[in-house]
Amino acid sequence: MHTETMTEEEKKQYEADRPPILGSWKRIYALVLGNLVATILIFYLITRFYA
């Protein structure tokens with residue numbers, strides 16, 4: 001997003017909407033999805049090992 005064309009109010013809102021970690025929502029969603037895949041894989045492997 002181009003912040004140089006924003007008003008001060010828009011800049012404040014843009015900064016307030018940014019996530020506190022990882023810098024973007026796309027990265028947070030990728031982390032959550034990766035965590036889900038890893039959890040599913042771990043449970044699958046545990047199930048196969050103890051079945």
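The values are calculated or read from the model by the stated rules, or taken from the named source; none is laboratory data. All values derive from a computational prediction rather than experimental measurement. Here the Cβ is made from the backbone with ideal geometry for all residues, glycine too, and neighbour counts use every protein chain on show.
Listing for the model above:
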| quantity | calculated |
| --- | --- |
| Pair list, Cβ under 9 Å, 6 or more apart: region 12-29 residue part of a helix (DSSP H, G or I), other residue of a type in the set (Asp, Glu) and modelled with pLDDT of 80 or more | none |
| Residue that is surrounded by the most Cβ atoms within 10 Å (Cβ to Cβ), among those in region 30-51 that are among the small types (Gly, Ala, Ser) and in a helix (DSSP H, G or I) | Ala30 |
